[in-house]
Amino acid sequence: MTTGTLRRRGLAVGSLAVAAALALSACGSSSSSDDGAKGGKTRTVKTAMGDVKVAEHPKRVVVLDTAELDSAITLGVKPVGSTHVEASSGFLSYLPKDKVAGIKDVGEMMNPNMEAIAALRPDVILTSKIRHGDKYAELKKIAPTVMTETTGYPWKENFRTHADALGKKAEAEKVVADYQAHAKKVTDAVGGPAKAKETEVNVIRFMEGSDIRLYGDQSYIATLLADVGVGRPAISKKAKDGFSYDLSPEKIDLADTDVIFQSTYGDPKKAKETQTTGSGLWKNMSAVKNGKVFTVDDELWIQGIGYTAADKILDEMQGFLTKK
């Protein structure tokens, strides 16, 4: 992601605004990660930044990334504030409209507006170290801040951390059990574990300003493929840090498998999707010839990173994998 421009203001004006917002926040139900919620019961949550005390049942939650937004909505918590992803307008489109209506937009994901966050007087802030570790000192002055180490691949462990922070551990167990049953249902629908493993699947993402990304096994979407039990091609093992393997349009045939799921982030032309899918190399791939390339929603399949997204993805995956 590129850094946004939401905080281009005069330094003196910005400082006064932050000070005023922090003062307002201090009048709320929480003050810092060291103090937890003053005047109420607290619970200690283990985070990437150490133990953090949070209110027993936080009422005013701010989330700073898509995974945290998905987790909150999944657990029946409507945040008072959330960031948005730079390439989109508004919040993740796959989330129910009534569940995100009224949530205050606190800026672009990589550059959240501290004044806007503080003005919401949150009880707890959810994010990850990889996204906002450099802003931790600022954030914890506003409210107890629960950070996981990273996002994506460890999403299931992160969800449990989010649930702990929100006082929703019991609800989280039901969500996990329901997901596991759903994944098994998809496996059964495609013919069982052995049949599923025979079908090799790749997920590629056309990205504006970047090469084509082929997802490796250490990624969110790959965990869903693994839970269903489909096969994975050898090239997925070449992914850098297990996350992704970058391809140019001239090497797109390396992504050929039985089934390909493709998404696009940004403008299709600038993301090289138009160029790639119009080439002879693409058209000669077996997945293309067999009608086994399926275009999927980027916000849902790639950006969502949570159980609400996962359930929708599993439904779509079943439809695609059982299509004759």
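The values are calculated or read from the model by the stated rules, or taken from the named source; none is laboratory data. Here the structure is a predicted model, which means the values were calculated and not measured. Using ideal geometry, Cβ is built from the backbone for each residue, glycine included, and neighbour counts are taken over all protein chains shown.
To keep it simple, each residue is scored yes or no on (1) in a strand (DSSP E or B); (2) under 22 Å from the mean Cα position of the chain (by Cα); (3) among the aromatic types (Phe, Trp, Tyr); (4) farther than 30 Å from Val124 by Cα.
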residue	(1), (2), (3), (4)
Ala165	no, yes, no, no
Glu173	no, yes, no, no
Gln180	no, yes, no, no
Arg205	yes, yes, no, yes
Asp217	no, yes, no, yes
Gly242	no, yes, no, yes
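Examine segment 80-92 for a residue that is charged (D, E, K, R), modelled with pLDDT under 95, in the same structural domain as Asn158 (by TED's automatic domain parsing) and under 13 Å from Val124 (Cβ atoms), and state whether such a residue exists. Give the steps one after another, and end with the answer.
Narrowing segment 80-92 to residues charged (D, E, K, R): 86.
Narrowing further to those that are modelled with pLDDT under 95: 86.
With in the same structural domain as Asn158 (by TED's automatic domain parsing) added as a condition, the list becomes 86.
Those still in the list that are under 13 Å from Val124 (Cβ atoms) too: none.
Checking segment 80-92: not a single residue is charged (D, E, K, R), modelled with pLDDT under 95, in the same structural domain as Asn158 (by TED's automatic domain parsing) and under 13 Å from Val124 (Cβ atoms).
Whether any residue in segment 271-290 is touching a Gly at 6+ places or on another chain (Cβ under 9 Å), more than 23 Å from Leu225 (Cα to Cα) and at pLDDT below 95 is what I want to check. No, that holds for no residue. So, in segment 244-260, how many residues would count as being part of a loop (DSSP other than H, G, I, E, B) and among the β-branched types (Val, Ile, Thr)? Of the residues in segment 244-260, 1 are part of a loop (DSSP other than H, G, I, E, B) and among the β-branched types (Val, Ile, Thr). Here is a check on your reading of the model: is Lys312 modelled with pLDDT of 95 or more and among the basic types (Lys, Arg)? Here the answer is yes, as Lys312 does meet what is asked.
Which of the strands (runs of 3 or more DSSP E) found entirely inside segment 41-102 contain at least 2 residues meeting this: buried (at least 24 other Cβ atoms within 10 Å of the Cβ)? If you could, list the steps in order and put the result at the bottom.
Details: elements: 42-47, 50-55, 61-63, 81-84.
Here the list reads 50-55, 61-63, 81-84.
Can you spot a residue in segment 261-277 that is among the hydrophobic types (A, V, I, L, M, F, W, C) and either without any contact (Cβ under 8 Å) to a residue 60 or more places away in the chain or part of a helix (DSSP H, G or I) (or both)? Within segment 261-277, not a single residue is among the hydrophobic types (A, V, I, L, M, F, W, C) and either without any contact (Cβ under 8 Å) to a residue 60 or more places away in the chain or part of a helix (DSSP H, G or I) (or both).
Considered as a group, the residues in segment 219-234 that are surrounded by fewer than 22 Cβ atoms within 10 Å (Cβ to Cβ), closer than 17 Å to Ala309 by Cα and of a type outside the set (A, V, I, L, M) include one that is farthest from the chain's Cα centre (by Cα), and that residue is Asp227. Of all residues in segment 188-219, those being of a type outside the set (Asp, Glu) and within 19 Å of Val296 (Cβ to Cβ) number 18.
Taken over segment 106-151, the residue count meeting the criterion of being part of a loop (DSSP other than H, G, I, E, B) and touching a strand residue (DSSP E or B) at 6+ places or on another chain (Cβ under 9 Å) is 13. Using the structure shown, decide if Thr66 is within 30 Å of Lys174 (Cβ to Cβ), polar (S, T, N, Q), out of contact with any Lys or Arg (no Cβ under 6 Å at 6 or more places or on another chain) and at pLDDT 95 or above. In short, yes. Is it fair to say Asp105 is farther than 29 Å from Phe243 by Cα and without any contact (Cβ under 8 Å) to a residue 60 or more places away in the chain? So Asp105 passes the test.
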